[in-house]
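Written below as structure tokens is the structure these notes are about.
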Amino acid sequence: MANVISLDSILGVGELKAAAEAPPAAASGCASSSCGSSDGPADMAPEVWEKVKNHPCYSEEAHHYFARMHVAVAPACNIQCNYCNRKYDCSNESRPGVVSEKLTPDQALRKIMAVAKEIPQLSVIGIAGPGDSLAAGGKNTFKTFEMLAKKAPDLKLCLSTNGLALPDHVDTIANYNIDHVTITINMVDPEVGQHIYPWIFHDHKRWTGLDAAKILHERQMLGLEMLTSRGILVKVNSVMIPGINDEHLMDVNKAVKSRGAFLHNIMPLISDPAHGTHFGLTGQRGPTAQELKVLQDQCEGGAKLMRHCRQCRADAVGLLGEDRGSEFTIDQIEAMGEVEYDQEAARTYREHVEGERAGRHAAKAAAQADVAETVGTEAQPILIAVATKGGERINEHFGHAKEFQIYEVGPKGAKFVGHRRVDQYCEGGSGDEDALGGVLSAINDCTAVFVAKIGGCPSTSLKDAGIEPVDRFAFEYIEESALTYFKDYAERLGQGAINAREGQDAVIRTGAFTARRA
Amino acid sequence: MAYKIKASDCTACGACEAECPNNAISFKKGAYAINADMCTECKGQFSSPQCASVCPADCCVPA
Ligand code: SF4
Ligand code: SF4
Ligand code: SF4
């Protein structure tokens, strides 16, 4: 069994002791994030905050602290999407070809118990396929949740669906206390929908073309309204397909907001001929990082946006930026024997996070006020790439980073706006030169990159590319550090010591996410 | 008359099993198969064979 993420390591405390050169984290204060899913308790009703605060997908803040786990008990589906080839599982919520094992509800339960024991950060159990969690009557999905609610009532239950069968199951969902439902909605206009969905199976018939899209659309809207009227939090996922629904997603954003959706998650199309999807085979491209961000920015002010989605596999395990699924295969779990559910470690961890949070909210607000005062409101915001392994701290070595989290920092504060995967470069064995080039193209719209540590060579290459490597905030909080950096940056800019970075576009890396914490 | 599953294309998703009105489909020895004695091709029950209509791999075909 691979090593457990200890509480220390995730909070960066362990590294603090080990890395003598790193000064202790002084909470220098920071901005409260102004947007979307990074909202804190001040931005929502207390009962809603209670529901989302430990859910890594519904709260951006929580995603630095809490882990989720998907169990692949739902292989059947009731629609066909052009971005999905079910020979290789769904490429939307679960990546192509990467559900290693389909589980029975019994196996799923054992797996959950085993993971809960190893990962105290685990707070959410989701069912996201590999097909549709509500197809085939949702039998396996509800069976799994029923057993789980008895065994581990403190774990949150969560499911994803395409919405077609949703209206039939809303009562069951409410009965099982499933607080979080994700509906994938790619259009609110059947004219657009017919280019995304070749067919659906509904009411004992296969429907195609406009009819199919129309039925799906109506069922999705009905299901969404039924859920929100019962107080169930709904996240809407949309796959951004350039030339097909990219601009249309602004209408989707408005439509789902008016029906009470809590969060809107716009994800880039994953398209590769090797996946054998219709879009992959016809050369339909996915969006660039910049196109995605522009669309997300245009939707700002509508339904709140989720920007930290990692498009996880239907059997993903761990914090959002990682996948430890391969540590928990059926064989490994069988070998563990009976595992008793132990709430103690998880409870201790949750209390710890709770304590940490209170101070953080105040510190962020103070830092933001400081920047607003010294820099003024005119300065242009910049992007900063951050190497982190959780806990909202800059606690990862540049060379070990499997992804960089992207923060936008400016007079309005610092906020998480996305993440860029670089895992293929680090593990591909393609030579250091290539690896570095890949990282550069993934973050070339950033002004600086924050790391716990960085070697001399990559440091020089970054500077040559116009990205400043910054290790002086090692192990400190991300947002506070970003604001401190921004204050200094604005000053240097004012003195003409540096030039603002021209906007460049970064490349979105896709493919099966296999990175594991070292 | 009955339907059968082309095993080479089947993804083992189980969607057909859930739709068959006659419980003719089951998972046996690692694969889904149609019991020809129980299959009615859905005649008199639905306008189309349910397994073929739901199958994502289009591998439920007349035997
Ligand atoms: S796919 Fe997105 S929403 Fe689902 S668990 Fe992963 S991060 Fe959360
Ligand atoms: S054709 Fe109808 S009766 Fe025959 S196996 Fe398929 S669903 Fe069952
Ligand atoms: S629906 Fe098709 S692919 Fe799925 S199990 Fe049945 S025959 Fe196999």
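This table checks each residue for (1) within 8 Å of ligand 2 (Cβ to nearest atom); (2) closer than 23 Å to A:W207 by Cβ; (3) out of contact with any Lys or Arg (no Cβ under 6 Å at 6 or more places or on another chain).
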site	(1), (2), (3)
B:K4	no, no, yes
B:S8	no, no, yes
B:A12	no, no, yes
B:A15	no, yes, yes
B:A31	no, no, yes
B:A36	no, no, yes
B:S47	no, yes, yes
B:A52	yes, yes, yes
B:P62	no, yes, yes
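Checked against the criteria, A:I330 does not count as over 20 Å from A:A108 (Cβ atoms) and either more than 16 Å from ligand 3 (Cβ to nearest atom) or more than 14 Å from chain B (Cβ to nearest Cβ) (or both). Of the residues making up the range A:342-356, not a single one is assigned by TED's automatic domain parsing to the domain that holds A:K150 and open to solvent by 30 Å² or more (accessible area, probe 1.4 Å). If you go through the range A:235-248 and keep only what is hydrophobic (A, V, I, L, M, F, W, C) and crowded, with 24+ Cβ neighbours inside 10 Å, you end up with A:V236, A:V239, A:I241.
Among the residues of the range B:1-31, those that are within 9 Å of ligand 3 (Cβ to nearest atom) and either acidic (D, E) or away from chain A (no Cβ under 11 Å) (or both) comprise B:I5, B:K6, B:A7, B:D9, B:E17, B:E19, B:I25, B:A31.
Going through A:G301, A:G337, A:G283 one at a time, which residue ends up being under 30 Å from A:K415 (Cα atoms) and among the small types (G, A, S)? Every option except A:G301 fails the conditions.
Is it true that A:S258 is open to solvent by 10 Å² or more (accessible area, probe 1.4 Å), without any contact (Cβ under 8 Å) to a residue 12 or more places away in the chain and not assigned by TED's automatic domain parsing to the domain that holds A:A385? Yes: the conditions hold for A:S258.
Summed over the range A:153-172, the residues that are open to solvent by less than 10 Å² (accessible area, probe 1.4 Å) and assigned to a helix (DSSP H, G or I) give a count of 2. Considering only residues that are crowded, with 23+ Cβ neighbours inside 10 Å and within 7 Å of chain A (Cβ to nearest Cβ), look in the range B:41-55 and name the one that is farthest from ligand 1 (Cβ to nearest atom). Among those residues, the one meeting the criterion is B:Q50. Given the conditions (1) open to solvent by 10 Å² or more (accessible area, probe 1.4 Å); (2) within 16 Å of ligand 1 (Cβ to nearest atom), report the number of the one that A:E334 does not fulfil. The one condition A:E334 does not meet is (2). Within the range A:196-247, the set of residues being in a strand (DSSP E or B), within 14 Å of chain B (Cβ to nearest Cβ) and of a type outside the set (A, V, I, L, M) comprises A:W199, A:F201, A:H202, A:K205, A:R206, A:W207, A:T208. Looking only at residues in the range A:59-75 that are charged (D, E, K, R) and over 30 Å from B:T11 (Cα atoms), the one that is nearest to ligand 3 (Cβ to nearest atom) is A:E60.
Among the residues making up the range A:173-195, those that are open to solvent by less than 20 Å² (accessible area, probe 1.4 Å) and either of a type in the set (S, T, Y) or within 13 Å of another protein chain (Cβ to nearest Cβ) (or both) are A:T182, A:T184. Among the helices (runs of 4 or more DSSP H) confined to the range A:38-152, the ones with at least 3 residues that are modelled with pLDDT of 80 or more, more than 14 Å from chain B (Cβ to nearest Cβ) and more than 30 Å from A:A358 (Cβ to Cβ) are located at A:105-118, A:139-151. Candidates are the residues of the range B:34-63 that are near ligand 3 (Cβ under 9 Å from one of its atoms) and free of Cβ contacts under 8 Å to residues at least 40 places away in the same chain; the one that is nearest to B:K4 (Cα to Cα) is B:I34. When you look at A:H361, is it closer than 19 Å to A:E60 by Cα, surrounded by fewer than 20 Cβ atoms within 10 Å (Cβ to Cβ), in contact with a Pro (Cβ under 8 Å, 6 or more places away or on another chain) and not assigned by TED's automatic domain parsing to the domain that holds A:E479, yes or no? The answer is yes for A:H361. Checking the range A:285-302 against the condition returns a match, with at least one residue being within 28 Å of A:T161 (Cα to Cα), open to solvent by less than 20 Å² (accessible area, probe 1.4 Å) and within 16 Å of ligand 1 (Cβ to nearest atom).
The values are calculated or read from the model by the stated rules, or taken from the named source; none is laboratory data. In this text, all values refer to a predicted model and were calculated from it rather than measured experimentally. Cβ sites come from the backbone with ideal geometry, for glycine too, and all protein chains shown count toward neighbours. Heavy atoms of the whole protein, side chains included, go into the accessibility calculation; ligands, DNA and RNA do not. Shrake-Rupley method; radii C 1.70, N 1.55, O 1.52, S 1.80 Å.
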